[in-house]
Amino acid sequence: MSIKFLQLNVEKKAHIESVSNFLKENDFDVCCFQEMHEDTAKDLAEKYGYFFIASQRKHSSGTSPVIFSKTPFIFSKEYFLIGTDLRYRNGEYFDFSLLEALVEFSGVKYNILNTHLPVNYPGSKISEYQLECYKTLKEILKTKEDFLFLADTNAPRGTFIFDDLAKNYKDNIPESLSSTLDPILHRAKGIEYVVDCVFSTKNYEVSDVKIHEGVSDHKG
């Protein structure tokens, strides 16, 4: 048994029509979105027959990670990545969290994890805040036995966070792909970073990975 899934940063409401058309054209079982407004999630879920969960920790733009599933969620949980460290609880920083959802298709259970780590410019650098969020994330992942981890890490392949994940989990993004940023729709032109990820543990096999452009500022 297999499922068809999507990883996509939707960039708020900037590309909702193309995202909606993409969902209409592709019958995904599970979708992990980042930078999605909850009202957008509700509208798209109702339109295309999905159950959904959204992080209750919203970024300053009112967006958050969201998970769609064609079947009801057996279990779901949100983990706050930065909570007690008061150095990051000010207007400069926002709330980041990890969503976990257990779903079942044809009698097989799948554990899906979705997050959006803080951004840093230039993208080849890692900020202290990114690292603090990742340290919390890493400890949470260690407690999970098997999962599919989809995310916008905001940390390119070739830098510590992405490569540290790749040491522990299988990186399913093709090595030949030079960037997961859409060359036309992303506001930063001419940069190439693989920041979106599809990591899996040993008991999950990912195959037939396809890259889609023209849907949002990130590739799907």
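The values are calculated or read from the model by the stated rules, or taken from the named source; none is laboratory data. Remember, it's a predicted structure, so these values are computed and weren't measured experimentally. Ideal geometry is used to build each Cβ from the backbone, glycine not excepted, and the neighbour counts take in all protein chains shown. Side chains included, ligands, DNA and RNA excluded: accessible areas come from the protein's heavy atoms. Shrake-Rupley method; radii C 1.70, N 1.55, O 1.52, S 1.80 Å.
Where the only charges are on Cβ atoms (+1 Lys, Arg; -1 Asp, Glu), what is the dipole of the chain about its Cα centre, to the nearest 20 debye?
Numbers: 26 positive and 33 negative charges, 53 e Å.
Dipole about the Cα centre, nearest 20: 260 debye.
What net charge is computed for the residues neighbouring G220, neighbours being all others with C-beta under 10 Å from the C-beta of G220, Lys and Arg scored +1, Asp and Glu -1? Working shown, then result.
On the way: positive: K210, K219; negative: D182, D196, E213.
Charge balance near G220 sits at -1.
Can you tell me the order of 173-179, 74-80 when each peptide is scored by its average per-residue count of other Cβ atoms within 10 angstrom, highest first?
Values: 173-179: 12.7, 74-80: 14.6.
My ranking of the peptides, most packed first, is 74-80, 173-179.
Read phi for every residue in segment 182-189 and hand back ³J(HN,Hα) as whole Hz from Karplus 6.51 cos²θ - 1.76 cosθ + 1.60, θ = phi - 60°, with x for Gly and Pro.
Residue by residue, segment 182-189 yields 5, x, 9, 8, 6, 5, 8, 7 Hz.
Report ³J(HN,Hα) in whole Hz for each residue of segment 135-141, in order, from the Karplus equation J = 6.51 cos²θ - 1.76 cosθ + 1.60 where θ = phi - 60°; Gly and Pro get x.
Computed from phi, the couplings for segment 135-141 are 4, 5, 4, 4, 5, 5, 4 Hz.
Out of residues 5 or more away from N9 or on other chains, whose amide H comes under 5 Å of its own, with H placed 1.01 Å from N in the peptide plane?
Amide H to amide H, under 5 Å and 5 or more residues apart or across chains, N9 pairs with Q34, H218.
Sort K13, K210, K138 from largest to smallest accessible area, using a 1.4 Å probe on the heavy atoms of the protein chains.
I get K210, K13, K138, largest accessible area first.
How high is the relative contact order of the chain, in percent, counting Cα pairs under 8 Å that sit 6 or more residues apart?
Numbers: 455 pairs, mean separation 41.5, N = 220.
Normalised by residue count, the contact order of the chain is 19 percent.
With all protein chains present and a 1.4 Å probe, how do M1, M36 order by accessible area, largest first? Could the numbers behind the result be given before it?
Values: M1 130, M36 0 Å².
Final ranking, largest accessible area leading: M1, M36.
Each residue of segment 26-36 in order: what ³J(HN,Hα) in whole Hz does its phi give by Karplus 6.51 cos²θ - 1.76 cosθ + 1.60, θ = phi - 60°, with x for Gly and Pro?
Here the 3J(HN,Hα) series is 10, 8, 6, 7, 9, 10, 10, 10, 10, 6, 10 Hz.
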